[in-house]
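Input: a single structure, listed below in structure tokens.
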Amino acid sequence: MIFCLSSLSRILAVLFLLVAVVPAQLGEAGELTAEQIQAMRGQRQNAAKAKQKGDFKEEAADDAAAGARWAAMTPGERLAANVRRGSKSHCRFVAVCRPPKLLPGESGTLMITAILQGQAVLSSPLQMTMTPRVNLGSVSLGDLVAHPALPGTMAKAYLGRPVYENTAVFEVPVTMGNDVRLGEKTSVSVDLQFDVYHGESGLPVGRFIERVTTNVDVAPHVDPQIVGRKTKSQDEPESVSIAPPKPTNSETTTKPDSNAMGGTAVVIPAGGSELVEVDEPATSGDLPPTGGDGGGVSFMMIIGGGVFLLAMLVLLMRKN
């Protein structure tokens, strides 16, 4: 029994020694010196620099190839390869619906105005496409129609040529769907793709895509009535003006002299030799016209004279 315990203690002591010695030996063998660590860091840095130089060379080669391809492109190919969204620095859009209110099933016109900025112009014929962005069944849109371009007066590259310098106006037919409800607002949106050119050089600036949106009220639109001139009804008889008869070619009338005291007017027939006399009352241009009955003035003189004689008779009787 004592022998077994002593042997067991010896084994345990050997094991403890082994556990203490082996990690120390492994740590001494696996440790790196400062020089080795510095060398490893240098190798990593050199590898990173080499890789970075290689990337730069590849990027430079790619840029050179891209520049060569860009130089070989036509203006149309350059525009197609450089499509961008948003053109507010070159062109702004304003959209309204005329009339602003539509009932289900009614039609109107979407008026789109492009306001060009700086030296930006739109060439003619216009390179523009429209893609509707509306809910199915709410609104249907027709084809885009542009107003004619005017001859250029400011852009040096387009002097005398049709071009859109300041503004461009477009019309799109709009028809309200039958599924919309009264009192609601329906959004009408379109994506416009167009090419912008520089007015001084005439070179293309780029191809842009811009979304234009407006709202249309679903309600009846009442135009104010314009009151004009009163028109005659069909039942009201028209007034007819009767012109005085003109003398015919067969006769000519001579007017009597206004200063003559009396006489006859002579009518000379155009085709005959007989004279026809017409009696007319004597008139005087110097005397004032008398009354219609011809005796009004004499009667008043008689009455006045009678009154005067009566007053004289009364005075004489009082003296006597």
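Every read-out reported here was derived from the displayed coordinates using simple, explicitly stated rules and does not represent laboratory data. What you see is a predicted model; the values in this text were computed from it and never measured. Here the Cβ is made from the backbone with ideal geometry for all residues, glycine too, and neighbour counts use every protein chain on show.
For this structure, a couple of remarks:
- For ILE209, distant residues with modelled amide H under 5 Å away: ARG84, ARG85, GLY86
- Relative contact order of the stretch 83-218, taken over Cα pairs closer than 8 Å and 6 or more residues apart, is 34 percent.
- Rounded to whole numbers, the Karplus 3J(HN,Hα) couplings from phi for the stretch 187-197 are 7, 10, 10, 9, 9, 9, 10, 8, 10, 10, 10 Hz, using 6.51 cos²θ - 1.76 cosθ + 1.60 with θ = phi - 60°, and x at Gly and Pro.
- Protection proxy ranking of 141-150, 35-44 - average other beta-carbon atoms within 10 Å, highest first: 141-150, 35-44
- Under the convention that each Lys and Arg Cβ holds +1 and each Asp and Glu Cβ holds -1, the size of the dipole of the stretch 59-187 around its Cα centre is about 320 debye.
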